[in-house]
Amino acid sequence: MKTWAAHLAVLALLLAAGFLLSPYHMTNLARILVLATFAMGYNLAFGYTGLLSLGHALFFAAGMYAAGLPIWHAGLAALPALGLGLAGGAFAALAVGVLALRTAGVSFMIVTLMFAQAGYLTLLYFNATTGGDEGFALPATGRRLFGADLSTDVPRFLAAWAIFAVTFLATLALVRSRFGRVMVALRENEDRARMLGINPFTTKLGVLTLSGAASGLAGAAYAILFGYAGASFATIQYSILPMLYVLLGGAGTVAGPLLGAILMFMLIEAATEVTSAWMFLVGAALVILVLFAPKGILGALRTRLRGLP
């Protein structure tokens, strides 16, 4: 109960913070919440199951285009488009996982990267339909949810918060379930897990599909809430970003992706005000973090509080 209460308190603080901020910062918080949802999906695969993927940009973009294209071409409403985005990310992850999970380690990382790059090139090739590298803006009619205009500050923030909250609580329930313990067992020692009767392939495929579903939902939410979809969201950058959020906040922690997304956003904002070489400062900060807190901020705090070495 203490764990659930703590995570519900985090959601309440986020909701209150949104209304205390200016409209500009409220929009930034909405963006952070969507990207944190993406990172939570990545955390299921990497943080809890040990699947180091460089292909999650494909799942994010699959959700974005599964939602954005029907809105752009057919005038679909926002709610069913979000459902299509979730399904699009899950299907892409399932298709990739069937092939990529026949490999492991560095090979798995490279194969997922190849699939993501193939997805990006496909979006560019069919530019007449997808908008190519320039992308497309979503019409206002497809950015309404339960009568609220998602192009305005407060409805956009509330929608982002609701999507994040559902994913946040679903992730907490999942990792505290029996299946969550199986995920951690595979991460810690796959051979021993196999001896206990766990099928690594089907379990990892299930985890990757759930991870893709969360990533696809985030991609759909990003397109609908901010009114734009483009092939740039399928590039390697959007596979690295959720990994950085998870590493910074704490892999294998439910709130780690949120903390990582907030801190990374603040770090980039501060670095851009100091120098045009802001990526250098961000990279230096991450190197220091990996050297002195390899488990991330929440991971280091959890280890210290439990008195572990």
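The values are calculated or read from the model by the stated rules, or taken from the named source; none is laboratory data. What you are looking at is a predicted structure, and each value in this text was computed from that prediction instead of being measured. We place every Cβ from the backbone using ideal geometry, glycine too, and count neighbours over all the protein chains shown.
Reported count of residues in the stretch 208-228, each being more than 20 Å from D133 (Cα to Cα) and not in a helix (DSSP H, G or I), is 0. If we keep just the residues of the stretch 121-132 that are closer than 16 Å to L58 by Cα and either buried (at least 20 other Cβ atoms within 10 Å of the Cβ) or touching a Leu at 6+ places or on another chain (Cβ under 9 Å) (or both), which is modelled with the lowest pLDDT? Out of the qualifying residues, it is G132.
Per the listing A87, A36, A30, A66, the residue uniquely touching a Lys or Arg at 6+ places or on another chain (Cβ under 9 Å), assigned to a helix (DSSP H, G or I) and closer than 15 Å to L217 by Cβ is A30.
Taking (1) under 12 Å from the mean Cα position of the chain (by Cα); (2) crowded, with 24+ Cβ neighbours inside 10 Å; (3) aromatic (F, W, Y) in turn, F46 satisfies each apart from (2).
Exactly one residue out of L138, L169, L208 is under 22 Å from V34 (Cβ atoms), surrounded by fewer than 18 Cβ atoms within 10 Å (Cβ to Cβ), in contact (Cβ under 8 Å) with a residue 40 or more places away in the chain and within 22 Å of the chain's Cα centre (by Cα): that is L169. Number of residues in the stretch 6-27 that are among the hydrophobic types (A, V, I, L, M, F, W, C) and not in a helix (DSSP H, G or I): the value is 1. Of all residues in the stretch 69-102, which are at pLDDT 95 or above and not hydrophobic (A, V, I, L, M, F, W, C)? Residues satisfying the conditions are P70, P80, G83, G85, G88, G89, G97. Of the residues screened, L8 is not one that is within 23 Å of R102 (Cβ to Cβ) and surrounded by fewer than 19 Cβ atoms within 10 Å (Cβ to Cβ). Selection within the stretch 133-166: residues that are touching a strand residue (DSSP E or B) at 6+ places or on another chain (Cβ under 9 Å) and among the basic types (K, R). The member of this set that is modelled with the lowest pLDDT is R143.
Contact annotation: residue pairs with Cβ atoms under 6 Å, 6 or more positions apart or on different chains, pairing a residue in the stretch 13-42 that is touching a residue at least 12 places away in the same chain (Cβ under 8 Å) with a partner that is crowded, with 21+ Cβ neighbours inside 10 Å and basic (K, R), are A30/R156.
Just so you know, in the stretch 49-79 the residues that are under 23 Å from W161 (Cα atoms) and aromatic (F, W, Y) include one that is nearest to the chain's Cα centre (by Cα), and it is F60.
For the stretch 68-86, which positions are touching a Gly at 6+ places or on another chain (Cβ under 7 Å) and either polar (S, T, N, Q) or more than 19 Å from Y238 (Cα to Cα) (or both)?
I71, G75, L76, A77, A78, A81
Every condition in (1) more than 22 Å from the chain's Cα centre (by Cα); (2) surrounded by 15 or more Cβ atoms within 10 Å (Cβ to Cβ); (3) touching a residue at least 60 places away in the same chain (Cβ under 8 Å); (4) more than 30 Å from Y24 (Cα to Cα) holds for F201 except the one numbered (2). Pairing residues of the stretch 278-296 that are farther than 13 Å from L244 by Cβ and without any contact (Cβ under 8 Å) to a residue 12 or more places away in the chain with residues that are part of a helix (DSSP H, G or I) and among the hydrophobic types (A, V, I, L, M, F, W, C), at Cβ distances under 6 Å and at least 6 apart in sequence or on separate chains, gives W278/A271; A293/A300. Among the residues in the stretch 229-249, are any of a type outside the set (A, V, I, L, M, F, W, C), buried (at least 21 other Cβ atoms within 10 Å of the Cβ) and in a loop (DSSP other than H, G, I, E, B)? There is at least one residue in the stretch 229-249 that is of a type outside the set (A, V, I, L, M, F, W, C), buried (at least 21 other Cβ atoms within 10 Å of the Cβ) and in a loop (DSSP other than H, G, I, E, B). Counted as qualifying within the stretch 95-200 are the helices (runs of 4 or more DSSP H) with 1 or more residues that are among the acidic types (D, E) and over 26 Å from S239 (Cβ atoms), namely 153-175, 190-195. Taking the stretch 264-277 as the range and being of a type outside the set (S, T, N, Q), free of Cβ contacts under 8 Å to residues at least 40 places away in the same chain and surrounded by fewer than 18 Cβ atoms within 10 Å (Cβ to Cβ) as the test, the residues that pass are M266, L267, I268, E269, A270, E273, V274, A277.
Of all residues in the stretch 76-90, at least one satisfies being in contact with a helix residue (DSSP H, G or I) (Cβ under 7 Å, 6 or more places away or on another chain) and closer than 20 Å to N199 by Cβ.
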